Amino acid sequence: MATLKQSETPSNTQQKRRFERWSLVQRLNVIVSGIVAFALLIFIAMTALWVSNSERNQLAQQTTTLAQQIASQAAGIEMGESQLQMMLSGLSPYESILHAHIYTISPDGETLTYLIGYHQQGRSPLPSQENQIDGSVQHVFTSDYIQVTVPIYQDRNLTGVVMLRSSLHGVKSQFQRHLSFSLGIFLVVMLSVTVGLRFFTRSLETSIHRFTRAIADASQTKERTLDNTPYLPSEFSELRHQVRRLLEKYRQEQRYAEHASAQARNATERLDSEVSERTHALLEANRRLTQALEELHQYQRKRLTEDKLASLGDVIAGISHELNTPIGAAITAATLLEDKQRELEDGLLEHEPESPEHSSLLDSFFEQGRESLRIINKNLDRCAELVRHFQQMAMFNRNDTPHEVNLRACAERTIERVENALVVPEHVRIVLECSEDQTVQLRPLVMEQLLTELIENVIRHATIYTDDGEPLPLTTTIRIWMEHGQILVEVADDGRGIAPEILARMFEPFVTSGRSQGDKGLGLYRVFNWLTHLLHGDVQCESDVFVKNEDRPHGTRVTLYIPMEPSA
C-alpha cells in the first residue's frame with residue numbers, strides 16, 4: 001500500500017479529483033457511451049477481419065483454380081509457344097491476375113527453365129522466378145499479391161510448372177468499403193445512444209428536481225405531505241416511502257426538541273439558583289482548602305529542612321569519621337615523639353656524653369622521630385585532601401561557566417593529564433570513541449574532572465590478577481556521543497566488576513572496596529555530586545562480576561547523561 005501511495009503523482013491526483021467532481025449524469029453518459037463504443041469497435045474489427053479473410057481466401061481459390069486449368073490444358077498439348085501464348089491470353093478478362101509464367105523441366109528433372117509468360121496490360125513483365133519455385137504446389141501470401149504454383153504432369157511425369165500471381169488490390173478496396181460502411185453505422189449508433197441518454201438524463205433530472213422541491217416544501221410546512229407530489233417514476237416509490245418516514249421522524253424529533261427546550265429552560269432556572277448556593281459553599285470550601293494547603297506547605301518545608309539537616313549530619317559524621325582516624329594517628333605519633341624526647345632528655349642527663357648508652361639513645365630517638373613525622377605528615381595529607389575536595393566542589397560551582405567545547409579534544413586532554421599524573425600500568429589500555437565534529441556548550445572543568453575520576457577508579461579497582469599475581473590485560477573504552485538533546489558519556493571496562501552489595505551504594509560517600517589500600521570512597525561520590533548538582537544530569541551503572549574459570553562477559557559500564565547547555 002505504501003508503494004501505491006508513493007506512485008501517485010500530482011497529475012494523477014488532480015485527474016482523480018476532477019473525476020470525483022463529475023455528476024451522476026456525466027458518469028452515466030461516459031459509462032454507457034464507452035460500453036457501446038467498445039462493443040461496436042469490437043464488432044467492426046471482427047467483421048472487417050472476417051471480410052478480409054473471406055476475400056483473400058476466395059481470391060486464392062480462384063487463382064488456384066485458374067492455375068490448375070492452365071496446367072491441365074498444357075498437359076494435353078505439346079509445349080509450343082504459340083499455343084501456350086494463346087492459352088495464357090485467355091487470362092486477360094481476370095483483372096486480379098497480374099502475371100503468369102510457364103516453366104519446363106530439364107531432362108534431368110532438376111532444373112526449371114522459363115518458357116513463356118503473361119502480364120496484365122499496363123504492367124511490365126515479371127522476371128523469371130525459376131530460382132524461387134520448385135515442382136510442388138505452393139501458395140505465397142504477401143501484403144500486395146498472392147502467388148500460386150501448380151505442377152504440370154504428362155503421363156504421371158513432371159514436365160513443367162504454372163505460376164500465377166494475383167493482386168490484392170480488390171481485396172483491399174473491399175476491406176476499405178466495408179470499414180467505411182461500418183464506421184458510418186458506428187457514428188449513427190453512437191449518435192442515437194447519445195440522444196437517448198440525453199433524453200433519459202433530462203427526464204431523470206426533472207423527476208429528481210420535482211421530488212427534491214416536494215421534500216423541501218414538506219419539511220418547511222407541517223401540513224404538506226409527499227402524497228400530493230407530481231408524477232414520479234415507479235423507481236422512486238420506495239425512495240418516496242423512506243423519505244416520508246424520515247419526514248415523520250423529523251417532525252416527531254422537532255416536537256420532542258421543543259418540549260425538551262421548555263424543560264431545559266426550567267431546569268436552567270433551577271440550576272442557576274443551585275449554582276449560586278453551591279458557589280458560596282465552594283468559596284468557603286476553597287478558603288478552608290487554601291488554609292490546609294498552606295499548612296501542608298509549611299509542614300513540607302519543615303520536613304525538607306529536617307531531611308537536609310539529617311543528610312548534613314550523615315555527611316558531617318562521615319567527614320568526622322574520616323578526619324578522626326588521620327588526626328588521631330597524627331596525635332598519637334606526636335605524643336609518642338614527645339615521650340621519646342622526654343626519655344632522651346632524662347637519659348642524656350643520666351649518662352656521660354661519650355658513653356655508648358648516650359649514642360644508642362640518640363639513634364633510637366632519631367629513628368622514632370622520623371617514623372612519627374612520616375605518620376604525622378601522611379595523616380595530615382589525608383586531612384588536607386578531604387578539605388581540598390570540598391573546596392574544589394565550591395570552586396567548580398562558582399568559577400566554571402559553560403562555553404563552547406569540542407568533546408573529543410576535551411576527552412583527549414583529560415586522558416593525557418591522567419597518563420602524565422599517574423603511572424598507568426602496562427596492562428591498562430585506554431580507547432576513545434568520539435567523532436571530531438561534536439561541539440557543544442559545556443562546563444569543561446567539571447567534564448574533565450568527571451572523566452578523571454572514572455578513569456582513575458578503573459585503574460585502581462578493575463584489574464584482575466592471576467594466581468601468580470600477574471595482572472590480566474584491562475581495556476577501558478570511553479564513548480561520547482549526542483542523542484535527544486543530551487551528551488552521553490560511557491566508560492566501560494572488561495575488569496573484575498563490582499560486588500552487588502557495593503554496587504547498590506557505590507555513589508554514597510565513604511563507600512569503597514579498597515579501604516585497606518587507603519581509599520577513602522569519595523571518587524564516585526564526587527562524580528555523582530558534580531553530575532547531579534553542577535550539570536543537572538543523571539548516571540547509571542551496570543556491572544558483571546568476574547568469576548574464575550567461567551567464560552562469560554564481565555566488567556563495569558558507567559553511563560553519564562548530561563543535558564546540553566543552551567547555545568549562547
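Per-peptide packing, taken as the mean over residues of other Cβ atoms within 10 Å, places 497-509, 118-130 in the sequence 497-509, 118-130 from highest down. Treating r as the C-beta distance of T201 and Q254 and R0 as 41 Å, the FRET efficiency rounds to 0.70.
Taking only the C-alpha atoms of the stretch 60-107, Rg followed by Dmax gives 11.2, 36 Å.
The stretch 425-464: percent of C-alpha pairs farther apart than 16 Å? When every Cα pair of the stretch 425-464 is considered, 53 percent fall beyond 16 Å. Rounded to the nearest angstrom and listed largest first, the equivalent-ellipsoid semi-axes of the stretch 22-228 from its Cα gyration tensor are 71, 14, 12. Can you give the Kirkwood hydrodynamic radius of the stretch 399-563 from its Cα pairs, in Å with one decimal? Evaluated on the stretch 399-563, it is 16.6 Å. Projected label points at T212 and R303, each 7 Å from Cα along the beta carbon direction, are separated by 7.0 nanometres. Applying 1/(1 + (r/R0)^6) with R0 = 60 Å to the Cβ-Cβ distance of E470 and Q341 gives a FRET efficiency near 0.80.
Given their separation in residues at 0.36 nm each and the Cα-Cα distance between them, T477 and L239 gain 77.7 nm when the chain is fully extended. Per-peptide packing, taken as the mean over residues of other Cβ atoms within 10 Å, places 139-146, 255-262 in the sequence 139-146, 255-262 from highest down. When only the Cβ of Lys, Arg, Asp and Glu is charged (+1, +1, -1, -1), the dipole of the stretch 22-228 relative to its Cα centre reaches about 1560 debye.
Diffusion coefficient (Stokes-Einstein, Kirkwood radius over C-alpha pairs, 10 °C, 1.306 mPa s) for the stretch 138-193: 108 µm²/s, rounded to a whole number.
Peptides 170-177, 445-452 ordered by packing proxy, namely the average of other Cβ atoms within 10 Å per residue, highest first: 445-452, 170-177. Label-to-label distance for R278 and V188 is 8.5 nm, based on points extended 7 Å past Cα in the beta-carbon direction.
Taken together, the values in this text are just the output of simple stated rules run on the coordinates, not laboratory data. Keep in mind it's a predicted model, so treat the numbers as computed, not measured. Virtual Cβ from ideal backbone geometry, glycine too; neighbours counted across all protein chains shown.
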